[in-house]
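Trainee: Before I ask anything, let me first share the structure, which is written out below as structure tokens.
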Amino acid sequence: MRPITAVLVGAGNRGTHAYGDYALLKPESLRIVAVADPDGTRRKRFQQDHQLPDKDCFSDWKPLLNEKRADLAIIATMDRLHAEPALLAMEKGYDIILEKPMATTLEGCRQIVDAAKETGRMVSVAHVLRYTTFFSKIRGLLDGGRIGRLLQINLTERIGYYHMAHSYVRGNWANSQTTAPIILTKSSHDLDILYWLIGEPCRSVYSEGGLVYFRKQNHPKGAGERCLSCGIERDCPYSAKKIYLELVEDWPIARNILPGASFEEKVRYLETGPYGRCVFLCDNDVADRQTVLLDFGETLAVFNLTAFSAEKTREIDILGTDGDIKGNFERGWIEIRRYGGTTERITIPQEKGHHAGGDYRLLDDVIKRLRNADKDSLSSPEESLHSHEIAFACETSRREKRPVTLRNGYP
């Protein structure tokens, strides 16, 4: 059986490591035949890894998508460039995998849903938590009635202090004016998984939070503008030297801050580039902690996101009429306790790929559906639209400090 062919729009971290690595690991399942990325270094690296001829490598996504070259288009651009290439890809006859968020405006999200219906193309939004063994197991426990009727869920996303500093203070998702609010860019995963686990639409939300710590007024006395020339760098957990050069957390993204570069080249990059800046002197404005109360009818949910954690993980606590479920996503355990009865602990095995195997399971599912001519998807744009509506409602609530009601979707 021939592999499914794909074109990749965006060869950044997600494009290269989530989708590109899968194609290299499973060449019998997926072959990427063309790539577009404006960064020449990234594009050349991807070209070499996948042995692509020059004619199939583009600096602009438009000429790549203007003709049908493959079965599948993978849209892994920056968030504000999701909607336009997705719409063109469907128009040209591609089924697509679309990174979350679908778009950074509600109008863009709805355009994608409408286009999928009009063209009949399969769209799988990369809500990869739905595909993980961890959350699939929890969904099965709830559907099987293991804790009775579902009444409450508490979900906390611990972003991790170093991940927050990298992506949401110094990095590409730091400023909502150039990307989108963090509740959409980071936590649309979490709002989607709440919707999926509960199985009912959200009726209303109320949210509080904001940016409290990574601000100029908290710049410590004696600190510099850049970490490599800072007098108190050794005492700062957010030190770029610690994160990117000393690799105190041994984080893959930190190891690849400048792929293929020598240690000396990384030093020079941090001396002048965005990731060497003091976290208190950046142009960031997204929230560093936020809490949301969500009303799903009989089930209430509370979601917390926080920058302030040593561990990068998600923790969930689910309360039912007959028992409760607790779990830690990164540590890979789930505990089911029946009131007055037994306790069962489930260990989730480690899997290849990011998001605890969710990325690769998404690709496995898409490839299977394409081979079977099945246009449905576990993470369809119709399903994903409501998750995005919830996110936009949460941000409105946070900014305007009021409850927001969702009637047939967010107004």
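Trainee: Filter region 261-287 for residues that are acidic (D, E) and part of a helix (DSSP H, G or I); which is surrounded by the most Cβ atoms within 10 Å (Cβ to Cβ)?
Mentor: To start, the set of residues in region 261-287 that are acidic (D, E) comprises 264-265, 271, 283, 285.
Now narrow it down to the ones that are part of a helix (DSSP H, G or I): 264-265, 271.
Working: E264: 8, E265: 11, E271: 13.
In this case the residue turns out to be E271.
Trainee: Also: Between a residue in region 200-229 that is free of Cβ contacts under 8 Å to residues at least 12 places away in the same chain and any residue that is of a type in the set (A, V, I, L, M, F, W, C), which pairs come within a Cβ distance under 6 Å, given they are 6 or more apart or on different chains?
Mentor: Listed by first residue and then by second, the contacts come to G222/I232.
Trainee: In region 25-77, what count of residues is obtained for those that are within 13 Å of A6 (Cβ to Cβ) and not aromatic (F, W, Y)?
Mentor: So the count comes out to 24.
Trainee: Moving on to the next point. Exactly one condition in (1) of a type in the set (A, V, I, L, M, F, W, C); (2) more than 21 Å from R43 (Cβ to Cβ); (3) at pLDDT below 95; (4) not in a loop (DSSP other than H, G, I, E, B) is false for L247; which is it?
Mentor: Here L247 meets the rest and fails (4).
Trainee: Also, I was wondering about something else. Check D359, D364 and return the single one that is surrounded by fewer than 18 Cβ atoms within 10 Å (Cβ to Cβ) and either within 27 Å of D71 (Cα to Cα) or in contact (Cβ under 8 Å) with a residue 24 or more places away in the chain (or both).
Mentor: So the residue among D359, D364 that is surrounded by fewer than 18 Cβ atoms within 10 Å (Cβ to Cβ) and either within 27 Å of D71 (Cα to Cα) or in contact (Cβ under 8 Å) with a residue 24 or more places away in the chain (or both) is D364.
Trainee: Moving on. Pull up region 43-73, narrow it to residues that are outside any loop (DSSP other than H, G, I, E, B) and in contact (Cβ under 8 Å) with a residue 40 or more places away in the chain, then point me to the one that is surrounded by the fewest Cβ atoms within 10 Å (Cβ to Cβ).
Mentor: R45
Trainee: Considering region 219-273 alone, what residues qualify as being over 20 Å from E311 (Cα atoms), touching a strand residue (DSSP E or B) at 6+ places or on another chain (Cβ under 9 Å) and not acidic (D, E)?
Mentor: Matches in region 219-273: R226, C227, L270, T272.
Trainee: Could you check how many residues of region 1-29 are crowded, with 24+ Cβ neighbours inside 10 Å and outside any helix (DSSP H, G or I)?
Mentor: The number of residues fulfilling the criteria is 6.
Trainee: Does E99 qualify as being surrounded by 18 or more Cβ atoms within 10 Å (Cβ to Cβ), over 11 Å from V7 (Cα atoms), modelled with pLDDT of 95 or more and of a type in the set (D, E)?
Mentor: So E99 passes the test.
Trainee: Another question about this same structure. Checking the condition over 26 Å from T291 (Cα atoms) and not in a loop (DSSP other than H, G, I, E, B), which residue from I253, I193 passes?
Mentor: I253
Trainee: Looking for something of a type outside the set (S, T, Y), under 30 Å from M90 (Cβ atoms), more than 14 Å from the chain's Cα centre (by Cα) and not in a loop (DSSP other than H, G, I, E, B) - is there at least one such residue anywhere in region 125-147?
Mentor: Yes: one or more hits.
Trainee: Could I ask something else about it? Does T104 fit the bill of being β-branched (V, I, T), assigned to a loop (DSSP other than H, G, I, E, B) and more than 12 Å from V9 (Cα to Cα)?
Mentor: Taking the combined requirement at face value, the residue satisfies it.
Trainee: Please specify each residue of region 196-208 satisfying the condition of being in a loop (DSSP other than H, G, I, E, B) and hydrophobic (A, V, I, L, M, F, W, C). Break it down into steps so the answer makes sense when it comes.
Mentor: If we filter region 196-208 for residues that are in a loop (DSSP other than H, G, I, E, B), which is where we start, we get 199-203.
Hit for region 196-208 is C202, nothing else.
Trainee: State all residues of region 317-343 that are surrounded by fewer than 17 Cβ atoms within 10 Å (Cβ to Cβ), part of a strand (DSSP E or B) and polar (S, T, N, Q); if no residue qualifies, say none.
Mentor: The answer is T343, and nothing else.
Trainee: OK, next. Between a residue in region 101-122 that is touching a residue at least 40 places away in the same chain (Cβ under 8 Å) and over 26 Å from E395 (Cα atoms) and any residue that is surrounded by 23 or more Cβ atoms within 10 Å (Cβ to Cβ) and among the aromatic types (F, W, Y), which pairs come within a Cβ distance under 9 Å, given they are 6 or more apart or on different chains?
Mentor: R121/Y94
Trainee: Exactly one of these conditions fails for L88: (1) surrounded by fewer than 19 Cβ atoms within 10 Å (Cβ to Cβ); (2) more than 20 Å from A23 (Cα to Cα). Give me its number.
Mentor: That leaves (1) as the condition not met.
Trainee: Can we say I390 is closer than 22 Å to G297 by Cβ and part of a helix (DSSP H, G or I)?
Mentor: Considered against the rule, which asks whether it is closer than 22 Å to G297 by Cβ and part of a helix (DSSP H, G or I), I390 comes out as yes.
Trainee: Which condition does G353 not pass, out of (1) closer than 28 Å to T119 by Cβ; (2) in contact (Cβ under 8 Å) with a residue 40 or more places away in the chain; (3) not in a helix (DSSP H, G or I), if it passes all the others?
Mentor: (1)
Trainee: List the number of the failed condition for R407; all other conditions in (1) over 20 Å from S204 (Cβ atoms); (2) outside any strand (DSSP E or B); (3) over 22 Å from the mean Cα position of the chain (by Cα) hold.
Mentor: If we test R407 against (1) over 20 Å from S204 (Cβ atoms); (2) outside any strand (DSSP E or B); (3) over 22 Å from the mean Cα position of the chain (by Cα), just (1) comes out false.
Trainee: Consider T178 against the criteria (1) within 21 Å of A83 (Cα to Cα); (2) crowded, with 21+ Cβ neighbours inside 10 Å: it satisfies all of them except one. Which criterion is unmet?
Mentor: (2)
Trainee: Here is a follow-up. Take the residues in region 293-316 that are closer than 13 Å to I193 by Cβ and out of contact with any Asp or Glu (no Cβ under 9 Å at 6 or more places or on another chain), then tell me which one is surrounded by the fewest Cβ atoms within 10 Å (Cβ to Cβ).
Mentor: Step by step, filter region 293-316, then rank; the result is I316.
The values are calculated or read from the model by the stated rules, or taken from the named source; none is laboratory data. Computed from a prediction, not measured in an experiment: that's the story for all the values here. Counting neighbours? That spans all protein chains shown, and the Cβs are built from the backbone with ideal geometry, glycine included.
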